Amino acid sequence: MKQNVFLFIVFWLLLGVTSTSAQVLQDYSSSWEKGKDETWIRPNDRLVLQLDLTSFPLANISFSFPEKSVVFIGEKLWIYANGDTTFSKPIVELANEFDEKDLELTVFKKGIEIGDAKIQKILQPTANTQDMGRVNEQVGEIRRFDRQDLRDFYFVAVLIILVILAVYKVAYPYLFSSIIRPESLLTAEDFSDSGSLQKFFSSDVLFYLLLVNLMTSLVAVIGLVFYRQVWLETWIGIDFQSLLILWGLGAIGFFIITILKFIGIRIVAYLFDLRRLEFAHFFYLLRLVVLGITGFVLIIAFFLVNEFSSAKEAIGISLSVFFWLYIIGVFGLFIIMMNRLSFKKYHLFTYLCIAELVPFLIMAKWVMVLGQ
């Protein structure tokens, strides 16, 4: 009886402790399982833990994750830790949030080892920073979308694009081969011929523009998922069907913008009396866009499959690279047109600023605002 009374008193004394070091009730350090190369469609380097919420139901769970790690509970993306992160949550809150008593927690990070992530059941709702050094106490972005839905949508969309591409290649083989050649960016063969508005609005060209804008819209949708998740969840949703609809609407919108851009280039070229070179101008830079967007599609596919935690960062870097490639492309266009035309360099530069640089910089500014 005396022993029970003593243990009772000690327990309540521990509850009254207000120091920054919380009392550990259960440590999961030895319960982690390391998974690697399970299948080719799963990211490598992950730690898996079965988290029991039935014991100590009134306690808290302290979580500590290394920087650039992505945490899943089941198949749901729960937290992205941009920096070293430590925080705690009541067990009751976790049980109500996921409506389960046993959670499978998975931490993804390239090269992660057992000991990099720590989980403990504690009495007080304070972060346990013992033996962890200084860490950021802010939790990274919380994302609720299902990563498998995102991957399913992306690869179904890529498959649809490939089918349309195969049909286009069969229907218009000559135009297909002439448009996709990367060396045409250097030879600029289009500038030896003068285009026409009727040629632009032919079925083969419009079909090609639709294909390009399907790829552009796909990249834009993935960018919105990573950079404007809350907005998508509020207005549209982040599931397979919603993303598919958004992709189709985006492709139509980009298609209309592309046509308006060509009309704008034609008007500016007419005002500058450039001898109907707007068609060559438009398709020279369109080739550059196609090569850039194709690179985007491949990069996103790789990171969605292998390095999901780094996908957002990869998209940001790719956007920066594409920005400078486009600027270099406009400079190359300036050199080509300068050699083809007996036109003052100042007037030619003004033409390219009005027709290309100013609209592109405005669009780049919009993308930067969306990405902030």
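A few remarks follow.
- Close pairs (8 angstrom Cβ cut-off, 6 or more residues apart or separate chains): under 20 Å from residue 287 (Cα atoms) in region 258-271, at pLDDT below 90 and not in a helix (DSSP H, G or I) anywhere: 269/276; 269/277
- Candidate set: region 60-69, residues that are modelled with pLDDT of 85 or more and not polar (S, T, N, Q); chosen: the one surrounded by the fewest Cβ atoms within 10 Å (Cβ to Cβ): 66
- Verdict on residue 274 being farther than 30 Å from residue 67 by Cβ, in the same structural domain as residue 219 (by TED's automatic domain parsing) and not in a helix (DSSP H, G or I): yes
- The residues listed here are 349, 343, 323; of these, the one that is in the same structural domain as residue 152 (by TED's automatic domain parsing), outside any helix (DSSP H, G or I) and of a type in the set (A, V, I, L, M, F, W, C) is 343.
- Any hit, region 330-351, residues being under 30 Å from residue 147 (Cβ atoms) and surrounded by 13 or more Cβ atoms within 10 Å (Cβ to Cβ): no
- Cβ-Cβ contacts under 6 Å between residues 6 or more apart (or on different chains), taken from a first residue in region 165-188 that is closer than 14 Å to residue 202 by Cβ and of a type in the set (A, V, I, L, M) to a second residue that is surrounded by 10 or more Cβ atoms within 10 Å (Cβ to Cβ) and modelled with pLDDT under 85, are listed as 175/204.
- Some residue of region 266-284 being surrounded by 15 or more Cβ atoms within 10 Å (Cβ to Cβ) and either modelled with pLDDT of 90 or more or of a type in the set (Ser, Thr, Tyr) (or both): yes
- Look at (1) farther than 30 Å from residue 303 by Cα; (2) part of a strand (DSSP E or B) and you find that residue 58 fails only one, number (2).
- Subset of region 292-316 (residues that are out of contact with any helix residue (DSSP H, G or I) (no Cβ under 8 Å at 6 or more places or on another chain) and modelled with pLDDT under 90): 306, 309, 313
Rundown of residues vs (1) closer than 30 Å to residue 107 by Cβ; (2) aliphatic (A, V, I, L, M), yes/no style:
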residue: 288; (1), (2): no, yes
residue: 293; (1), (2): no, yes
residue: 309; (1), (2): yes, no
residue: 318; (1), (2): yes, no
residue: 350; (1), (2): no, no
residue: 355; (1), (2): no, yes
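- Listed by first and then second residue, the pairs with beta-carbon distance under 6 Å, at least 6 apart or on different chains, first residue in region 232-254 and over 10 Å from residue 153 (Cα atoms), second part of a helix (DSSP H, G or I) and among the polar types (S, T, N, Q), are 236/242; 250/217; 251/213; 251/217; 254/213; 254/216; 254/217.
- Put simply, of 301, 220, 269 the only residue that is assigned to a helix (DSSP H, G or I) and over 23 Å from residue 363 (Cβ atoms) is 301.
The values are calculated or read from the model by the stated rules, or taken from the named source; none is laboratory data. These numbers come from a predicted model, not from an experiment. Counting neighbours? That spans all protein chains shown, and the Cβs are built from the backbone with ideal geometry, glycine included.
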